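*Asks:* Let me begin by handing over the structure; questions about it come next.
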C-alpha cells in the first residue's frame, strides 16, 4: 500500500494567511486589465482571469471592490484583458503598482492600440480579449467582472508570463 504524503497539514478552517500561502503555490497566467473612460486610461495586473463560455465568447476577471480600475470599468462598460508574454515582466510590475508609476504614465511603457470597444489593447500581448461588460457579482472582498468578448488581438507568440511563489516567471 502506498502512503500519501501531504506537505502541509490539512486545515479545517484556514485563515487568510494560510490561504494566501496555499494560493501562492498555484501558477497563474499574468494579465493587464485595461479600460478607458472619463478619467482616461487605467489598468491593473490580474491573475484571477478565466474563460466562462465560447458561445458567446465570455471571460471573467476578479477585481478588488475598492479598485479605481474597477470603478472605471463599471463607468465605461468596457475592458480589455491583455495576456502578458514573459518579456513584459516590467509592465506587470508597473500595473501592479510596484514601480511608482501611476495613471497615464503607465501606458507610456508599452505599445498600445484599440480594437472594437476602445479599451486599450497591448499590441505585444500573447492574447487580448476586448470586452463589453455584461454583469458583475460581489464575492467576499472582490467583484467578479464578466465581459462578452467583442474583439481579439495580441501578437500570439512568445512564452507566457506566470505568477507563482510570489514572483513572475516564464512558462
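*Asks:* Can you report the number of residues in the range 136-159 which are touching a strand residue (DSSP E or B) at 6+ places or on another chain (Cβ under 6 Å), in contact (Cβ under 8 Å) with a residue 12 or more places away in the chain, part of a strand (DSSP E or B) and surrounded by fewer than 16 Cβ atoms within 10 Å (Cβ to Cβ)?
*Replies:* 0
*Asks:* Would you check which residues across the range 18-43 are closer than 21 Å to residue 162 by Cα and buried (at least 22 other Cβ atoms within 10 Å of the Cβ) and list them?
*Replies:* Passing the criteria: 30, 31, 32, 33, 34, 43.
*Asks:* Moving on to the next point. Taking residue 51 as meeting all but one of (1) surrounded by fewer than 14 Cβ atoms within 10 Å (Cβ to Cβ); (2) touching a helix residue (DSSP H, G or I) at 6+ places or on another chain (Cβ under 6 Å); (3) within 23 Å of residue 23 (Cβ to Cβ), write down the number of the exception.
*Replies:* In the conditions (1) surrounded by fewer than 14 Cβ atoms within 10 Å (Cβ to Cβ); (2) touching a helix residue (DSSP H, G or I) at 6+ places or on another chain (Cβ under 6 Å); (3) within 23 Å of residue 23 (Cβ to Cβ), residue 51 misses (2) alone.
*Asks:* Within the range 72-86, track down each residue that is in a helix (DSSP H, G or I) and farther than 25 Å from residue 165 by Cα.
*Replies:* Hits for the range 72-86 are 72, 73, 74, 75, 76.
*Asks:* Hey, among the residues in the range 54-71 that are in a loop (DSSP other than H, G, I, E, B) and without any contact (Cβ under 8 Å) to a residue 12 or more places away in the chain, which one's surrounded by the most Cβ atoms within 10 Å (Cβ to Cβ)?
*Replies:* Taking the candidates together, the pick is 66.
*Asks:* Could you list all residues from the range 74-111 that are free of Cβ contacts under 8 Å to residues at least 40 places away in the same chain, surrounded by 14 or more Cβ atoms within 10 Å (Cβ to Cβ) and either touching a strand residue (DSSP E or B) at 6+ places or on another chain (Cβ under 7 Å) or closer than 22 Å to residue 143 by Cβ (or both)?
*Replies:* If the condition is that a residue be free of Cβ contacts under 8 Å to residues at least 40 places away in the same chain, surrounded by 14 or more Cβ atoms within 10 Å (Cβ to Cβ) and either touching a strand residue (DSSP E or B) at 6+ places or on another chain (Cβ under 7 Å) or closer than 22 Å to residue 143 by Cβ (or both), then 110 is the only one that fits.
Since every read-out is calculated from the coordinates, none of them should be taken as a lab result. Small disclaimer: the values here were computed from a predicted structure and weren't measured. Glycine also receives a Cβ, built like all others from the backbone with ideal geometry; neighbour counts cover every protein chain displayed.
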